[in-house]
Structures are given as C-alpha cells and as structure tokens.
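Beneath this line is the structure, given in structure tokens, with notes to follow.
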Amino acid sequence: MTVKSTSRARIAIVGGGIAGLACAYELSRRGMQPTVFESARAGRGALWASGGMLAGVFESAESGADKAVVGLARRGLACWRDWSTDLGRDAIGYRAAGSLSPASGKAGRDWLERLEDAARRQGFRVEHVPVPDGLVADAALRFPDDGELDNRLLGPHLVAALRERGVDIHENRTVDSIDIRPSGGIDLRFAGMALPFDAAILATGHDAGLAPIDPAISAIVPVKGEMLSLREAAVGLDACVRARSVYMSQKPDRRIVIGASSWFGANDLAIDDSAISRLRRHAEALLPQLAGATELERWAGIRPGTKDGLPILGESRAPGVFLALGLYRNGVLYSPAVAEMLADTILNGRPFPSGFSPRRFDER
C-alpha cells in the first residue's frame, strides 16, 4: 500500500521510543505531520536505558552480519552524520570518533583478527592503532566510521524538535486496537474512542501488544540489560571502547557509561548486583583509573529482540499498517535508516529488503 505523499495524509505512529520518534522526524522532514501515540513518556524506555552507541561497524563485524544487516548499519551511520547536523551535534552529544577494540593474550588477539577479517569482508574500514595511554591491553583496533551520542540528551531534544515542527505527540495514551476499514484506511481505538488515519507505523518496544495485527508481533522477545555509570574526571576516552566483555562510552558531562548484561526473555527491571559488579570489574581491568571512581547510577532496561535476532520491518498483514519492531540493541543506530526506508515504502511504494520482512514468521 502507498499513501499519497501530501501533508494532508494522516499517518499515526504507535510508540514514542527512538524508532517511533525517528519515523515521525523523517516524515516531518518530507513535509508530513504524523501523530505519535506513546503509552508512557516519549523518548524514555529503551532509549533512555541504552548506551547511545552508533557502533555499526563493530556490531556487524562481531556478529558476522549478512549483507542486509550490514547495509542497514551502514545507512544508519550515514543518516546520523546528516541528522546530527540538523539536530545539533552538541545538543545530542554526537561525535564520530570511531570504536576502539582493545584485547590481551592469544584469545584476545585471535578475537581482534576475526573482527578485522569480518569488517574488511563487509567493506568497512579498520585501523591498527597503538593502545591508548591508560588502557591495559596488548593490541587494539579502531573502526573509524563508528560513533556515539548521548541518548539521554537525544530523547527530549528529538521530542522538542518534533513539537516545534508541529508534530502532535500524545503521551500516556495506549492504543488498544487497530481496525482496518473495508473502504480503506484504519481506526486507532483507545479509551472508548476511535481516530481515523490513512496509515499507521507500529514502533513499540518489547511489549508491542496488538498481536492480532500480524503474527510477526508474537516473535518479539524482551532482552533485559543492566548498566552503570561512573564519574571519573581524570579519565578522557577518545572513542567508545568495545571490548569482548564490556563497553565504555563517555558522555559530554564526562560520566562513563558501562554495559551491558544480556538476559534473553527477561522483562523485569530488577537489578542483579553481581552483574553490575562483574561489569565494573571488567571495566577496571581495562582502565585501572576507574578503580575507586564514584558510581552515579545503575539501571536496567528492556531491549526489543526477536526470535531470529533480526528486525521486523515493512508492511504488516493489515493493509496500511507498517512495522518497525525488534531493533534490539541497535535501535539508536538503525532507527534513522529504518525511518527513511519506511517513508520510502509508505510514500513511494519502495520495498524493504526481504530479510527483514514480517512474512518470515508466518505459519507454514
């Protein structure tokens, strides 16, 4: 289904996390005025709990990603270079400083070799660099095309930017159902009300709900992650550190975010103190200056994973309802690219890569 590209087209976005806000931002850049419905507070949830990393090269290399995922990562990195200019790099804490992967011992060097081989096969740039002062490692690789931002600046800034563009964002508004009208278009129903739209994007998190819309929604799996942040004024990380067992990202206010645990299928926000202690030990082993640093915060968030580890993107079984689901731990990285591709699909009929299609979860 293609919606006529006009500012009068009514497009609803269900979900006010990074995927939904990115879709709203891209549509507004194309002259549309979508309406966003968020069940809690827009710009919070998994976005607020994330690390804010844009490590498309590292993530693709470490996972041995296929061509479609590599393309999505590459496009996401390119989008952020553009979007950060529009939104203001300082306003969202964006920097394109690359990812640094340090390692020690034979196992660590073997890991770096596998990373380098994978990244080069995928067409990404890789650099052998000296181990920076302060880090304890035998060797290090740098992936110069990666970046990072401050996710806790991004959420409220993006919400404010959308409202300045005239986009309506309704918070604490849970959509109960989406009904397809035989004559075309859809109705969003909540709290005894029904609002008509020409199309909708479902961009909710791990608790997507609305499963009757498409079988693929039932493939969403929650993945809990725990993190902490430290204050250590003497430490200055020139890039996001992506090691085998921990990552560290320094934000503009100089706090260092350390993550992350991964509990597949867990959807609670309880914090396992032993997991936090383990992350801190790994961080201090790499960067001994962190020993004795003041802990600022520890928290848990729920990432929206999928049964096969791939996003669920494209038009659903319900005509006019499009899915932007299951972005897992790369939601910040992927969302601008997903938004561009969905806008092309909705407004111009351009198809998504088939590997992300909701149809892969149809019963056979």
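The values are calculated or read from the model by the stated rules, or taken from the named source; none is laboratory data. Note that the structure is a prediction, hence the values are computed from the model and not measured. Here the Cβ positions follow ideal geometry from the backbone for every residue, glycine too, while neighbour counts run over all protein chains shown. Just the protein is used for accessible areas: all its heavy atoms, side chains included, with ligands, DNA and RNA removed. Shrake-Rupley method; radii C 1.70, N 1.55, O 1.52, S 1.80 Å.
Some notes on this structure:
- Failed item in (1) outside any helix (DSSP H, G or I); (2) buried (at least 18 other Cβ atoms within 10 Å of the Cβ), with Val338 passing the rest: (1)
- Remark: Thr204 falls outside the filter, which requires a residue to be of a type in the set (S, T, N, Q), touching a Ser or Thr at 6+ places or on another chain (Cβ under 7 Å) and open to solvent by 10 Å² or more (accessible area, probe 1.4 Å).
- Here Arg298 meets the list (1) within 26 Å of Val338 (Cα to Cα); (2) surrounded by 14 or more Cβ atoms within 10 Å (Cβ to Cβ) almost entirely, failing just condition (1).
- Across region 162-185, a minimum of one residue is classified as surrounded by 17 or more Cβ atoms within 10 Å (Cβ to Cβ), within 19 Å of the chain's Cα centre (by Cα) and in a helix (DSSP H, G or I).
- When Leu323 is tested against (1) part of a helix (DSSP H, G or I); (2) under 21 Å from the mean Cα position of the chain (by Cα), exactly one condition is not met: (1).
- Residue within region 31-39 that is closer than 18 Å to Pro311 by Cβ and at pLDDT below 95 present: no
- Counted residues, region 207-224 - those being assigned to a strand (DSSP E or B) and either surrounded by fewer than 22 Cβ atoms within 10 Å (Cβ to Cβ) or among the hydrophobic types (A, V, I, L, M, F, W, C) (or both): 4
- Filter result for Ser249 (among the small types (Gly, Ala, Ser), closer than 19 Å to Glu297 by Cβ, touching a residue at least 24 places away in the same chain (Cβ under 8 Å) and not in a loop (DSSP other than H, G, I, E, B)): yes
- Residue match in region 258-273 (condition: in a helix (DSSP H, G or I), open to solvent by 30 Å² or more (accessible area, probe 1.4 Å) and free of Cβ contacts under 8 Å to residues at least 40 places away in the same chain): yes
- Residue in region 322-332 that is among the polar types (S, T, N, Q), in contact with a helix residue (DSSP H, G or I) (Cβ under 8 Å, 6 or more places away or on another chain) and either open to solvent by 30 Å² or more (accessible area, probe 1.4 Å) or in contact (Cβ under 8 Å) with a residue 12 or more places away in the chain (or both) present: yes
- Residue list for region 231-255, restricted to those being hydrophobic (A, V, I, L, M, F, W, C), surrounded by fewer than 23 Cβ atoms within 10 Å (Cβ to Cβ) and either under 22 Å from Asp145 (Cα atoms) or touching a helix residue (DSSP H, G or I) at 6+ places or on another chain (Cβ under 9 Å) (or both): Ala234, Val235, Leu237, Ala243, Val246
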